[in-house]
1. Determine the sum of side-chain charges near residue 136: Lys and Arg each +1, Asp and Glu each -1, restricted to other residues whose C-beta is under 15 angstrom from that of residue 136.
2. If each residue of separation counts as 0.36 nm, what is the full-extension length gain between residue 249 and residue 227 once their alpha-carbon separation is subtracted?
3. In 5 Å bins starting at zero, report the fraction of Cα pairs in region 59-110 per bin as a rounded %.
4. Mind telling me which of 217, 55, 159 comes out most flexible in a GNM of the chain, alpha-carbon contacts under 10 Å?
5. Which of the lysines could a cross-linker span from residue 27 if the Cα-Cα distance has to be under 16 Å and same-chain partners fewer than 8 positions apart are dropped?
6. What are the residues whose amide H is under 5 Å from the amide H of residue 17, where those residues sit 5 or more places off or on another chain and H is modelled from the backbone?
7. At 7 Å along Cα-to-Cβ for each site, give me the label-to-label distance between residue 215 and residue 76 in nm.
8. Just how large is the dipole of the chain about the Cα centre, in debye to the nearest 20, putting +1 at every Lys and Arg Cβ and -1 at every Asp and Glu Cβ?
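The values are calculated or read from the model by the stated rules, or taken from the named source; none is laboratory data. Since we're looking at a predicted model, the values are computed, not measured. For neighbour counting, all protein chains shown are included, and Cβ atoms are generated from backbone atoms with ideal geometry for every residue, glycine included. What goes into the accessible areas is simple: the full protein's heavy atoms, side chains included, and nothing from ligands, DNA or RNA. Shrake-Rupley method; radii C 1.70, N 1.55, O 1.52, S 1.80 Å.
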Amino acid sequence: MRMLRSVTIGQHIPGDSLIHRLDPRTKILSSIVLIVLLFVVKGFIGYGLVALGIALVVRASNIPLRFVLRGVRPLMVILVFTLTLHLFMTDGRIIFQIWFLKVTWEGLIRGLMMGTRLLLLIIGTSMLTLTTSPMQLTDGIETLLRPGKKIGIPAHELAMMMTIALRFIPTLLEETEKIMKAQMARGADFQSGGLTQRAKSLLPLLVPLFVNAFRRADDLAIAMEARGYRGGEGRTKLKELKFQRVDAVAMGLVLSFALVVGALF
């Protein structure tokens, strides 16, 4: 249950920092640039510079670094699995050998690089949802997808679906924790036993969780219809998105940083 509380994906922390005040489109595009940069960079020096840039963004957002790092905890299994897979599946100079399993220097380096890439990807992209409200995120995604309407891309519907999905991740995790506590109070055991036994013990958790999820989706649909929601056609916005000078400066800094780091490392 501690792991469930550690998930920060989809959470939003209100604030008045420089990062919070940026246009959501600036933050979305910066996140895309970060993703591309992490797949272009090939060395640890480059990853170190990217980590320094992310640290500066976290500092400017006034969000505690400890809270941001909490979002990595639930994904440690994936990080360890990635490192282990590269250790034993990469040919090269052998460090040591256990039966037919060989641990190589090349596997260690590649595993560390892949783990670092995933770590920076998680921390960097989490800043988007932590500093952007669901409404701003929806408006930003819709505006960026709007040119695709000419070829039939439903910009508003896609933006709404992605935002609702992100918004309800913390809610579903909270419900999961409540159901686990209720089932444990009734004698359910989610810890002991083998893999098969643990899988069977999840049934009392998954069934009510899916029922609550469908019920919540139905309630949300009814509420949206009751408020006259009919899609994006003809809708107006209370606050129109406008690029400010600070957005241009921020986007320029991000692009310049990405080009320099990507070219040199």
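1. The answer is +1.
2. Length difference between fully extended and current span is 4.0 nm.
3. 4, 19, 19, 13, 11, 10, 10, 7, 5, 2, 0
4. Between 217, 55, 159, it is 217 that shows the largest mean-square fluctuation.
5. 242
6. The answer is none.
7. My value for the distance between the label points is 3.4 nm.
8. Using Cβ point charges on Lys, Arg, Asp and Glu, the chain gives about 220 debye.
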